[in-house]
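Enquirer: My structure is below; once you've seen it, I'll send some questions.
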Amino acid sequence: MYFREEEEDPSSDENEPELSAFLLIGRSKSGKSSLLRSLLKPFQKQYNKKVFLLNDRSRRKNRQNNYTAIEWSEIGKISDCILVVEDIVRASKVQIDLLSETLNHGCHHRRINPLVCVSHSLTGQGIWALVKFFTRVYISAVPGNLESLDYILNKHGFTKEQRTFHAQNLVNNKQPYAHFLYDIDNRSIKKVQYQLEPPDSLEEDEEGGTKKRKRMTLSARDQMAQAKAQRYLSVLRNPTQALACFDLLYAKLDKKSVSPQTLDVSLHQKGDRQPVTVSLISYLACLTDPKVPASREVWKFHKYCVTLRGIRLPDCYILNEAFRSPL
């Protein structure tokens with residue numbers, strides 16, 4: 001019952017119940033927006049409902065043509081729609097209480113169909129207590145979500161052996177944009193792989209006149225880098241922490257400076273006669289294992305990340321105390 005490891009297409013109508021409240025948990029660049037589009041597509045087609053978007057601060061302009069942006073004060077005035085709540089980790093206690101009321105009465109009693117909440121993690125103000133209101137929880141299969149997965153399984157009576165099994169499946173996952181789907185009503189969990197639903201974006205034509213739509217696709221370069229990281233970093237002493245650090249680093253580094261085949265980074269700073277090449281694998285090995293010696297190039301890259309790029313990695317992932325102290 002608990003050890004289901006299946007693949008399904010969440011965009012299929014028959015996979016979703018008529019009345020649903022979904023929670024999507026995932027780090028940046030882990031496919032939350034793509035999964036959201038895949039989940040909403042069948043509901044929009046089947047029920048022809050309008051989509052209202054709450055608290056979207058980063059991509060509101062790009063989505064206004066498809067979703068209607070609303071404020072927290074309007075949440076109790078809408079009905080017979082699809083409500084999407086993003087970035088709920090930033091929500092205040094008053095907003096969390098309002099969301100709880102909406103989940104309980106707006107979704108289940110007034111039959112808003114469905115309600116979808118999107119968050120980077122469960123470690124937010126009051127987010128833990130809201131899990132019981134959802135029917136399904138999607139957790140992106142990236143190392144940074146181990147804590148959220150373990151909390152949900154532990155909260156619902158999974159044994160330590162079962163939690164360890166699913167945690168290992170998450171760490172060993174090789175599929176890009178895979179999610180673990182936990183069905184709260186049936187107390188079952190399985191891995192799902194969905195078809196990527198790229199967003200529409202607007203681009204000006206060559207003459208600078210009217211705008212036309214084009215389809216955005218997932219970068220093949222990013223896919224290769226993620227796949228290589230999964231392969232190369234899995235052999236380290238602490239692969240979970242190394243993979244989590246890689247996800248955070250790759251999201252903030254200049255992609256053009258990172259080789260997707262070897263995960264080498266080229267640095268060219270003032271005073272350098274020629275670019276310095278640093279292996280991300282070596283850097284992450286030093287961060288997550290105190291017994292691995294750090295070369296001069298590794299320290300130079302660390303200083304570059306901290307002082308110039310302003311990258312701050314969580315201390316819980318850095319197991320080498322030498323890299324925790326400020327430069």
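The values are calculated or read from the model by the stated rules, or taken from the named source; none is laboratory data. All of these numbers come straight from a predicted model, not from anything done at the bench. No Cβ is skipped: glycine too gets one built from the backbone with ideal geometry, and neighbour counts run over all protein chains shown.
Enquirer: So in the range 154-178, with the set limited to residues that are of a type in the set (G, A, S) and buried (at least 16 other Cβ atoms within 10 Å of the Cβ), which one is modelled with the lowest pLDDT?
Expert: Out of the qualifying residues, it is A178.
Enquirer: Out of L83, L181, which single residue is of a type in the set (A, V, I, L, M), in contact with a Lys or Arg (Cβ under 9 Å, 6 or more places away or on another chain) and either part of a helix (DSSP H, G or I) or modelled with pLDDT of 75 or more (or both)?
Expert: Matching residue, one of L83, L181: L181.
Yes/no per residue for (1) surrounded by 14 or more Cβ atoms within 10 Å (Cβ to Cβ); (2) more than 24 Å from D315 (Cβ to Cβ); (3) of a type in the set (S, T, N, Q):
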residue: R221; (1), (2), (3): yes, yes, no
residue: A229; (1), (2), (3): yes, no, no
residue: S234; (1), (2), (3): yes, no, yes
residue: Q241; (1), (2), (3): yes, no, yes
residue: C245; (1), (2), (3): yes, no, no
residue: L249; (1), (2), (3): yes, no, no
residue: D254; (1), (2), (3): no, yes, no
residue: S259; (1), (2), (3): yes, yes, yes
residue: L263; (1), (2), (3): yes, no, no
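Enquirer: Looking at (1) closer than 15 Å to A225 by Cα; (2) modelled with pLDDT of 90 or more, find the lone condition where A285 falls short.
Expert: (1)
Enquirer: Any idea which of (1) modelled with pLDDT under 85; (2) in contact with a Lys or Arg (Cβ under 8 Å, 6 or more places away or on another chain); (3) assigned to a loop (DSSP other than H, G, I, E, B) is the one D272 doesn't satisfy?
Expert: Every listed condition holds for D272 apart from (2).
Enquirer: Which condition breaks for I318 when tested against (1) free of Cβ contacts under 8 Å to residues at least 60 places away in the same chain; (2) within 29 Å of E147 (Cα to Cα)?
Expert: Exception for I318: condition (1).
Enquirer: Further question on the same structure: With (1) of a type in the set (S, T, Y); (2) at pLDDT 70 or above; (3) over 21 Å from the mean Cα position of the chain (by Cα) as the list, and Y2 as the residue in question, which single condition is left unmet?
Expert: (2)
Enquirer: Are any residues in the range 184-202 modelled with pLDDT under 85 and in a strand (DSSP E or B), and if so, which ones?
Expert: Listed by number, the residues that qualify are K191, V192, Q193, D200, S201, L202.
Enquirer: Let me ask something additional. Could you please give the count of residues in the range 301-327 that are farther than 11 Å from A242 by Cβ, surrounded by 15 or more Cβ atoms within 10 Å (Cβ to Cβ) and either in contact with an Asp or Glu (Cβ under 8 Å, 6 or more places away or on another chain) or of a type in the set (K, R) (or both)?
Expert: 1
Enquirer: Quick one: R221 ticks every box in (1) in a strand (DSSP E or B); (2) under 19 Å from the mean Cα position of the chain (by Cα) except a single one, so which number is it?
Expert: Every condition holds for R221 apart from (1).
Enquirer: Out of curiosity, is K303 farther than 17 Å from L233 by Cα, more than 23 Å from the chain's Cα centre (by Cα) and not hydroxyl-bearing (S, T, Y)?
Expert: When the stated conditions are applied, K303 passes them.
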